[in-house]
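Have a look at the structure below, then the notes.
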Amino acid sequence: MHLRVHDPAYTERLTAFLRSVGLQPRSDALHVFSPYGLSDLLELIVRPNKKKITQSIYEAKVEKWLALWPGLRVIPWMAESGWGENA
């Protein structure tokens, strides 16, 4: 879906929360594929993806996201393993 939207701000916000989640419409239902589960998405938890971005980029994004969604639960960069790291 986000590939059809040409607003970069929308795309950035959407992909941040839907990383590794896929939806496939089928005739009988909507199928969800999520190899890492849905708990972070449903609980509004943001974790750093340390293999994709730097700490400064993560912290700048988190600041923007918190302005839009103050209820987010943000995992700090150094608090624990982020996406792409061994726990």
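Values in this text are rule-based calculations from the coordinates and carry no lab data. Note that the structure is predicted; figures quoted are calculated from it, not measured. Cβ placement follows ideal geometry from the backbone for every residue including glycine, while neighbour counts extend to all protein chains displayed.
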What residues have an amide H closer than 5 Å to that of Val46, excluding those fewer than 5 places away on the same chain, when H is modeled at 1.01 Å from N in the peptide plane?
Arg73, Val74, Ile75
Could you order peptides 26-35, 52-61, 65-74 by the average number of other Cβ atoms within 10 Å of their residues, highest first?
52-61, 65-74, 26-35
In Hz, Karplus ³J(HN,Hα) per residue of region 33-45 (6.51, -1.76, 1.60; θ = phi - 60°; x = Gly, Pro)
10, 8, x, 9, x, 10, 4, 4, 4, 6, 9, 6, 9
